[in-house]
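Report on the structure given below.
The values are calculated or read from the model by the stated rules, or taken from the named source; none is laboratory data. In this text the structure is predicted, and so the values were computed from the model without any measurement. Reconstructed Cβ throughout: ideal geometry from the backbone, glycine too, with neighbour counts over all protein chains shown. Heads up: the accessible areas ignore ligands, DNA and RNA and are worked out on the full protein's heavy atoms, side chains in. Shrake-Rupley method; radii C 1.70, N 1.55, O 1.52, S 1.80 Å.
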Amino acid sequence: MYEILDENNLNYYYTIESNPGSKPSEGTFGFLKNETIAKKLLEFNEQDTQVVSLLLPTIHCSSCIWILENLNKLHPGVKNAQVNFPKKKARIVFTPTEISLHDLVMLLCSIGYKPYISLDDTTKKKKTVDRSLIYKLGVAGFAFGNIMFLSFPEYFEVDEFWLERFKYVFRWLMFLFSIPVVFYSGWGYFVSASKGIRSKILNIDVPIALGIAVLFLRSTLEIALDWGTGFFDSLAGLVFFLLLGRFFQQKTYAYLSFERDYKSYFPIAVTRLNKNDTKPKEEQVQVHDLSPGDRILIRNGELVPVDAILLHGNALIDYSFVTGEAVPVSKKAGDQIFAGGKQEMGVIELEVVSSVAQSYLTQLWSNEIFSRGKQTVFQSLTDKISKRFTVSIISIAMIAALFWLWYDSSLVLNVFTAVLIVACPCAIALASPFTLGNLLRTFGKHKLYLKNAEVIEKMADLDTLVFDKTGTLSHTHKNIIGYDGMELSKEEKQLLTSTLRSSNHPLSRSLYRLLEKNGIATLDSFQEEVGKGVTGKMGGEQIRIGSYDYVTTPIQKNTAPKRKERKQTHSHNTVVHVSTQKGYKGHYTFYSEYRNRMGETLHQLGKEYDIVVLSGDNDGERPQLEQLLPEKTRYYFNQKPEDKMAFIKAMQGKGKHIMMVGDGLNDAGALAQSDVGIAISENINVFSPACNGILDASRFHDLPKFLSLSKKGIAVIKYAFLFSLLYNLVGLGFAVTGNLKPVIAAILMPLSSISIVVFTTVCAQILGRKLNRKNKLLDADKSHLF
């Protein structure tokens with residue numbers, strides 16, 4: 001890579017960051033030579049200019065941005081490149097006659113930025129950005145400011161000739177400014193209120209819509225009959241602050257996807273063997289074009305996109321992302337291989353049994369939970385209070401009106417409308433958006449990215465936490481390996497390491513990384529039997545590594561019965577046995593490496609929540625989990641994706657509020673079914689299944705703090721409701737006595753809104769700082785230990 005940069009005078013790359021870029025990676029993108037496939041990835045394709053946006057997960061620093069935006073210096077066919085750093089995407093404009101899309105992608109691979117291209121890239125619809133809330137907020141703010149200026153003279157009852165002469169003009173100007181506020185900026189509240197009433201639900205928008213309507217109608221009546229200046233300023237201020245709260249709460253992470261499905265994981269194309277020719281010819285075709293009977297090639301590290309039968313080759317299939325089972329499965333000719341498995345050894349030839357749409361994996365997405373989404377009966381805290389609030393305010397207004405009808409009928413309309421105006425729940429409606437909006441930002445800073453603020457309220461209401469094991473409680477690709485047996489000599493260790501180095505099996509690679517310090521030598525011969533083991537010979541010495549039966553078959557006399565017992569003892573764990581010409585030596589046992597402070601984290605959670613482990617893996621590590629996790633934890637192993645989803649649904653039927661924490665496609669159904677679904681991700685920009693939130697794997701230990709912070713946030717909202725109630729009592733005192741003047745409403749309503757905003761924001765910031773402080777103390781303790 002240095003040579004490429006040096007030849008093009010781009011050495012400045014190394015001066016931008018102390019550790020710039022990443023290790024170069026190569027990728028097989030032969031399918032991009034297929035014009036039909038390539039065109040589906042293009043955003044623009046006219047007049048010898050093409051535009052493509054590519055996800056580049058390895059972008060991580062300013063050097064990356066600089067080199068990518070200087071691609072035109074590496075190849076003249078590139079016209080322009082722009083990097084969207086948060087989304088880790090590069091939008092590249094190029095000339096196809098000078099550089100094809102395939103060559104462009106290979107250029108990116110050569111400098112270390114391998115694109116992540118999936119089936120979802122060809123099927124997703126163009127995203128549209130909804131800016132209507134910003135427009136409504138702008139209109140309301142503009143009108144609010146102007147109406148306030150026009151109202152000032154009448155606030156202070158200034159007796160001045162020109163002001164007195166033009167006050168009617170000012171009043172009708174205020175009326176004109178209020179029309180777009182009511183019928184554009186505030187119209188959404190009327191729509192929401194009408195839907196709530198039709199559904200027999202008194203949501204918070206019902207009293208808000210009632211307050212807006214009364215403010216507008218009474219103010220219009222006052223200026224039309226020359227009774228006064230009206231409450232147009234309070235009306236515009238009310239809508240402006242409400243929309244401001246909604247805008248603040250609308251904190252989304254545009255660079256993350258919370259609605260991913262199997263298409264984000266599947267490849268765009270696959271290699272098909274053209275059976276019409278005498279000699280089969282390889283061709284790249286879209287996975288959607290595959291049909292039963294087609295023959296396809298799957299290379300090492302590639303995903304099987306359809307259900308198929310193995311025809312030729314040695315298949316070692318990793319189903320961990322689909323079933324949760326961590327150990328790869330060996331397959332022989334004639335066996336069925338399901339979609340979603342990844343080939344881990346060499347090239348295999350398959351015959352397609354069913355199309356992508358009919359495969360086992362995609363059938364999981366036919367479940368109604370994915371098509372209809374989560375239709376829960378969850379009511380926010382604000383909506384729960386709204387029902388009582390609305391009934392109470394209307395009752396107070398009716399009682400006050402009846403009293404004044406008997407005492408002084410001329411003030412009935414004034415008192416009735418004044419109660420509805422001053423009691424409009426603006427402050428109540430603002431408490432939740434500003435509190436939860438601030439918490440959303442706090443969570444984001446600590447790498448928990450939630451879909452919306454409603455998720456925080458649901459988190460505060462949980463009673464059961466369900467965890468997947470592989471990839472959630474444990475690391476996805478890390479193992480702890482232990483050896484049990486006779487000590488190997490230096491020569492035997494070198495032969496073992498050299499033999500492992502020649503194997504492509506995942507367990508061989510993991511074991512080799514542990515033993516590579518022993519040194520390597522050139523083998524005289526090497527043999528590998530798929531699903532059984534490997535044999536290496538060097539200088540007259542032989543070593544066998546693999547299953548117990550494989551390593552002991554030719555060596556019977558030195559195999560003691562107790563070894564067989566040991567084999568059975570470890571049958572649930574992944575075990576690799578070793579033997580030499582001298583006899584059976586021992587075995588290496590693979591254990592999952594659990595996440596940092598995992599046991600401590602779940603013990604904290606176990607004090608307040610029911611803990612359940614729901615795993616697609618076998619129960620081989622149950623003893624270790626029982627030592628690490630709380631005593632009352634329940635364990636369910638060998639769970640298929642549909643079993644997990646059914647379990648969550650059954651628990652909800654018993655009244656439980658559940659959070660599911662998982663990582664793979666096998667957890668997608670359970671994540672969608674649960675009240676809160678959190679996906680653990682090693683890289684938040686690549687793949688994670690559909691969920692309510694994405695948690696960076698490095699912050700797993702912060703789960704107790706996040707849940708605690710959610711509950712404290714709800715407590716802040718309740719305190720804000722109490723302050724709002726005090727404001728309403730003061731305002732009602734003016735209203736029921738017939739003394740509510742426009743100037744009083746203009747002071748009380750904005751004052752209450754601003755005070756609630758300040759209170760909730762300060763409280764949320766304090767809670768966020770406490771979380772920062774706790775993490776700094778933990779980090780300090782950790783560094784002290786090291």
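For every residue, the table says whether it meets (1) β-branched (Val, Ile, Thr); (2) more than 24 Å from GLU282 (Cα to Cα).
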position: THR36; (1), (2): yes, no
position: ASN45; (1), (2): no, yes
position: THR58; (1), (2): yes, yes
position: LYS73; (1), (2): no, yes
position: GLN82; (1), (2): no, yes
position: PHE85; (1), (2): no, yes
position: ILE111; (1), (2): yes, yes
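Could you please let me know if GLU282 is at pLDDT 80 or above and over 27 Å from the mean Cα position of the chain (by Cα)? When the stated conditions are applied, GLU282 does not pass them.
Let's see how each residue does on (1) open to solvent by 50 Å² or more (accessible area, probe 1.4 Å); (2) assigned to a helix (DSSP H, G or I); (3) at pLDDT 90 or above; (4) more than 17 Å from THR472 (Cα to Cα):
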position	(1), (2), (3), (4)
VAL613	no, no, yes, no
GLY616	no, no, no, no
GLY620	no, no, no, no
LEU625	no, yes, no, no
TYR635	no, no, yes, no
LYS644	no, yes, no, no
PHE647	no, yes, yes, yes
ALA650	yes, yes, yes, yes
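None of PRO115, PRO86 is at pLDDT 80 or above, assigned to a loop (DSSP other than H, G, I, E, B) and under 30 Å from the mean Cα position of the chain (by Cα) except PRO115.
Is at least one residue of segment 592-608 part of a strand (DSSP E or B), of a type in the set (Gly, Ala, Ser) and open to solvent by 10 Å² or more (accessible area, probe 1.4 Å)? Checking segment 592-608: at least one residue is part of a strand (DSSP E or B), of a type in the set (Gly, Ala, Ser) and open to solvent by 10 Å² or more (accessible area, probe 1.4 Å).
Looking at segment 768-776, can you tell me whether even one residue there is at pLDDT 75 or above, closer than 26 Å to ARG441 by Cα and in contact with a helix residue (DSSP H, G or I) (Cβ under 6 Å, 6 or more places away or on another chain)? There is at least one residue in segment 768-776 that is at pLDDT 75 or above, closer than 26 Å to ARG441 by Cα and in contact with a helix residue (DSSP H, G or I) (Cβ under 6 Å, 6 or more places away or on another chain).
Exactly one residue out of LEU235, LEU210, LEU297 is modelled with pLDDT of 75 or more and over 25 Å from ARG388 (Cα atoms), and it is LEU297.
Screening LYS711 on (1) at pLDDT below 90; (2) open to solvent by 10 Å² or more (accessible area, probe 1.4 Å) shows it passes everything except condition (1). Annotation note: of LEU350, LEU361, the sole residue that is open to solvent by less than 10 Å² (accessible area, probe 1.4 Å), on the phi < 0 side of the Ramachandran plot and modelled with pLDDT under 80 is LEU361. Identify all residues within segment 45-68 that are surrounded by fewer than 15 Cβ atoms within 10 Å (Cβ to Cβ) and under 29 Å from the mean Cα position of the chain (by Cα); write none if there are none. Once the filter is applied, which keeps residues that are surrounded by fewer than 15 Cβ atoms within 10 Å (Cβ to Cβ) and under 29 Å from the mean Cα position of the chain (by Cα), segment 45-68 yields only SER62.
Among the residues of segment 82-95, write down those that are open to solvent by less than 40 Å² (accessible area, probe 1.4 Å) and not hydrophobic (A, V, I, L, M, F, W, C).
First pass over segment 82-95, keeping only residues open to solvent by less than 40 Å² (accessible area, probe 1.4 Å): 83, 88, 90, 92-95.
LYS88, THR95, listed by residue number.
Per this entry, ILE309 is counted among residues that are part of a strand (DSSP E or B), at pLDDT 80 or above and touching a Leu at 6+ places or on another chain (Cβ under 8 Å).
Pairs meeting the criteria (first residue in segment 59-71 and closer than 11 Å to GLY112 by Cβ, second residue part of a helix (DSSP H, G or I), beta carbons under 7 Å, at least 6 apart or on different chains) are SER63/TYR13; SER63/ILE16; ILE67/TYR13. When you check HIS570 against the structure, is it within 30 Å of GLU491 (Cβ to Cβ), open to solvent by less than 50 Å² (accessible area, probe 1.4 Å), outside the structural domain of VAL455 (by TED's automatic domain parsing) and at pLDDT below 85, yes or no? Spelling it out, HIS570 is indeed within 30 Å of GLU491 (Cβ to Cβ), open to solvent by less than 50 Å² (accessible area, probe 1.4 Å), outside the structural domain of VAL455 (by TED's automatic domain parsing) and at pLDDT below 85.
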